[in-house]
Amino acid sequence: MTGPLHPPGDTPRATAASPAAPATSAAPAAANGARLPHGLRGAAPLLALLALAVLVGLAGALGYRYTYDTALARQAERGQVQLRLYTQALESELAHYDYVPGLLSLDERIAALMLRPDDATRTARANEYLSALNTRAGTRVIYVLDAHGKVLATSNWQRPDSYLGEDLSFRPYFRSAMEGQLGRFYGVGTTRSESGYYLSAPLGERDNPVGVAVVKIGLEPLENRWQGADSQMLLTDENGVVILASDPSWKLAALRPLSAEARERLARSLQYNRAPLPQLPLTLVRKVNNGNGSAGNTSSDELVRLRRGPPMLAQHAALPGTDWQLTLLTNTSQARVAALNTAALAGVLTAFVLLLGAAWNVRRRIINERLAARAALEAANSELERKVAERTADLSTSNQRLQAEVTERIRAETVLRQAQDGLLQAGKLAAVGQMSTGIAHELNQPLAALRTISGNTGKFLERGDYATVRANLDTIIGLVERMGRITGALKSFARKPGNGRRQAKLAEAVDNALFLLQTRVDAVQPALQRDVDPALAVVCDPNRLEQVLVNLLGNALDAVAGKPGPRIALHAHVAGGMVHLTVRDNGAGLSEEAFARLFEPFFTTKPAGQGLGLGLTLSAGILNENGGSLSATNHPDGGACFTLVLPLAPESHSQDADHAG
Ligand code: ADP
């Protein structure tokens, strides 16, 4: 049986290594769980861009349309003014010659000719007159026809292509005049293919005309005035055929499709002298509402396109007194440029506004998120404060409970200490009881000697042997002193400690203990081996230390009593700031049961009256209280070996070294 024993309570501290916490891979929280599905998430910016493009395009288109229409309306207003001016100019130009055919019916030379058409003199005179009038009026040709349409006299009678004698009854202006009306007609001359404006009037009575007077006017000077403008001016007749145009190449082209019947009629009247009359490749883009519904504006404005050219604004005005129509075609490129500019501006502005809106929206969202975060933080904070308050309340409750427990413990400890003190005292008194027989024997010896010596001394006094008397008295004094020492030591051991001393000389304590056990030492007669440095001091009340040593030495004396060659060895040394004192004997050693229950109170193997079983329990308690310990082992060479450990006292002269030897 080996291994140091530890007093109860000195339980080894299990150092259970806390198992490494399982590595919990911090799975990222599924942040923003409620998100769009992956496919849509990727498409969202694209959709936003698409919506932006659509809105920008829409704004651009609206801007374009509005500006274009506004610019067109303004252009149309200007066109109307221009058209009115041209109409008035044309009207006055034509009215200028209105009087000429009527004038002829008043002239006597013409009247004379009409009476005798075959008279050469009358014809010559009429020709002369017409020629002179033609020159004066600035007209192209002036001539008169008989009731059958034959030319009787003409201003161009001298020219080789003169109409004289020609039958012009197929001309509509002839028929109109023969019906008593003024004839107006645009046509191309059959002889010289020269276009012109024909004015006719009946000669003689209106109800029964004898002939027809005709004036042909060239309209080219008007045409010349139109040229050079940033526009096209067209004059179309009742058939829709261009008879005057600022661009000469457009002349004698049809503005609207000619029916077969119309073409047939025109071929018969030779109005355009077999000109091909091609269809002008003008296509209508759309009608334009110019908001100018003036009475003079009989036809609405239109946007037209010549072949694949840019759109042009077409405006029409009827020429009063005729079936003709003036058409103004103006370039719309300026309106288009203005519209494009507006469209670009509108697009850019819309994009800007939308982006601004988007930025504002993002900002609003960020602010909202911040507010939400702040609210969450405040909520968490108040929750925390609430929990802290709760915990604080819990803590103060447990604190109060703890304080109550501490007070209770202190009280219990005081009671325990009092009980311990009582127990120690009881243990000590038990030891005193054990020692009492020996002490009585110790005191009896000097008492008997005192009785004998004092009896003898009386006899020596009677004999007068004063020297022996003196010697006996000295012996008596010595005996009394010895008895006093024994009772003193006993008294000192039995008293309760409490003088407050915290240090004790180890060697002195050993001396005192051995002195108290002197009778038993004398009885057992062991070989006592002492190896304790007198300078060694330990932290412990001296009285208590003596009590421990009396216990250990008493047990050792009990163990070696009756053994051959009894031996008790005391050995002290210092290690690690602690004093170790071993008390070894060569007795029977500790039995297995004693080893297991050594520090159990009231465990004893001694007969009743000899042992209480409290010595080791109390000794271990005293040493523990002073920061030391008590352990026991069986020595390999036999016998028990107890080791007392106490802290080295500061006033101890000894160093932290082995004091053996
Ligand atoms: P007590 O001495 O009154 O029996 P202790 O507590 O001092 O009480 O001792 C308890 C028991 O330990 C003893 O009865 C004895 O059996 C055993 N013991 C103590 N010291 C020794 C020793 N030196 N050798 C053998 N046994 C011992």
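Miscellaneous remarks
- Residue count, the stretch 457-491 (criterion: of a type outside the set (D, E) and open to solvent by 60 Å² or more (accessible area, probe 1.4 Å)): 14
Table: residues versus (1) within 24 Å of D421 (Cβ to Cβ); (2) near the ligand (Cβ under 9 Å from one of its atoms); (3) open to solvent by less than 20 Å² (accessible area, probe 1.4 Å).
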{"residue": "A588", "(1), (2), (3)": "no, yes, no"}
{"residue": "E592", "(1), (2), (3)": "no, no, no"}
{"residue": "E600", "(1), (2), (3)": "yes, yes, no"}
{"residue": "S619", "(1), (2), (3)": "yes, yes, yes"}
{"residue": "E625", "(1), (2), (3)": "yes, no, no"}
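- Filter pass, R265 being in a helix (DSSP H, G or I), without any contact (Cβ under 8 Å) to a residue 24 or more places away in the chain and within 20 Å of I110 (Cα to Cα): no
- Scan the stretch 69-92 for residues that are aliphatic (A, V, I, L, M) and surrounded by fewer than 20 Cβ atoms within 10 Å (Cβ to Cβ) and the total you get is 5.
- Single match in T407, T414 (criterion: open to solvent by less than 80 Å² (accessible area, probe 1.4 Å) and either of a type in the set (V, I, T) or over 24 Å from G615 (Cα atoms) (or both)): T414
- Just one of the numbered conditions (1) crowded, with 19+ Cβ neighbours inside 10 Å; (2) on the phi > 0 side of the Ramachandran plot is not true of Q525: (1).
- Each residue in the stretch 420-450 was checked for being away from the ligand (no atom under 16 Å from the Cβ) and either loosely packed, with under 11 Cβ neighbours inside 10 Å or within 16 Å of R520 (Cβ to Cβ) (or both), and 7 of them qualify.
- For the stretch 558-579, the set of residues classified as touching a helix residue (DSSP H, G or I) at 6+ places or on another chain (Cβ under 8 Å), at pLDDT 95 or above and within 16 Å of the ligand (Cβ to nearest atom) consists of V560, P566, R567, I568, L570, listed by residue number.
- Qualifying positions in the stretch 104-120 - surrounded by fewer than 16 Cβ atoms within 10 Å (Cβ to Cβ), of a type outside the set (G, A, S) and assigned to a helix (DSSP H, G or I): E108, L115
- Checking each residue of the stretch 394-405 against the condition of being part of a helix (DSSP H, G or I), among the hydrophobic types (A, V, I, L, M, F, W, C) and either closer than 30 Å to E625 by Cα or in contact with a Pro (Cβ under 9 Å, 6 or more places away or on another chain) (or both) gives at least one match.
- Residue check, N290 modelled with pLDDT under 85, within 23 Å of Q80 (Cβ to Cβ) and in a loop (DSSP other than H, G, I, E, B): yes
- Applying the condition of being surrounded by fewer than 18 Cβ atoms within 10 Å (Cβ to Cβ) and on the phi < 0 side of the Ramachandran plot to the stretch 608-617 and asking which residue is nearest to the ligand (Cβ to nearest atom) yields Q610.
- Residue match in the stretch 633-643 (condition: over 21 Å from D531 (Cα atoms), within 11 Å of the ligand (Cβ to nearest atom) and surrounded by fewer than 20 Cβ atoms within 10 Å (Cβ to Cβ)): no
- Residue that is most open to solvent (accessible area, probe 1.4 Å), among those in the stretch 121-136 that are of a type in the set (G, A, S) and more than 19 Å from Y97 (Cα to Cα): A124
- Among the candidates N551, N555, N543, residue that is in contact with a Ser or Thr (Cβ under 6 Å, 6 or more places away or on another chain), in a helix (DSSP H, G or I) and either within 16 Å of the ligand (Cβ to nearest atom) or under 30 Å from P446 (Cβ atoms) (or both): N551
- Answer residue from the stretch 141-171, given it is among the basic types (K, R) and at pLDDT below 90 and is farthest from the chain's Cα centre (by Cα) among those: R159
- Wholly enclosed strands (runs of 3 or more DSSP E) of the stretch 184-255 bearing at least 1 residues open to solvent by 10 Å² or more (accessible area, probe 1.4 Å): 195-204, 209-217, 231-236
- Test set (1) farther than 19 Å from A431 by Cβ; (2) in a loop (DSSP other than H, G, I, E, B); (3) more than 8 Å from the ligand (Cβ to nearest atom) - A596 fails condition number: (2)
- Yes/no for L528 being touching a residue at least 40 places away in the same chain (Cβ under 8 Å), within 16 Å of the ligand (Cβ to nearest atom), not β-branched (V, I, T) and not in a helix (DSSP H, G or I): yes
- Residue match in the stretch 328-337 (condition: under 30 Å from S231 (Cβ atoms), charged (D, E, K, R) and assigned to a strand (DSSP E or B)): no
- Filter result for V574 (under 23 Å from L424 (Cβ atoms) and open to solvent by less than 20 Å² (accessible area, probe 1.4 Å)): no
- Pairs where the first residue, in the stretch 380-391, is assigned to a helix (DSSP H, G or I) and the second is modelled with pLDDT of 95 or more, C-beta under 9 Å, 6+ apart: none
- Pairing residues of the stretch 609-625 that are under 16 Å from T643 (Cα atoms) with residues that are basic (K, R) and more than 8 Å from the ligand (Cβ to nearest atom), at Cβ distances under 6 Å and at least 6 apart in sequence or on separate chains, gives I622/R544.
The values are calculated or read from the model by the stated rules, or taken from the named source; none is laboratory data. This one's a predicted model, so the numbers in the text were calculated from it and none came from an experiment. Cβ: placed from backbone, ideal geometry, glycine included. Neighbour counts: every protein chain shown. Calculation scope for accessible area: heavy atoms of the full protein, side chains included, ligands and nucleic acids excluded. Shrake-Rupley method; radii C 1.70, N 1.55, O 1.52, S 1.80 Å.
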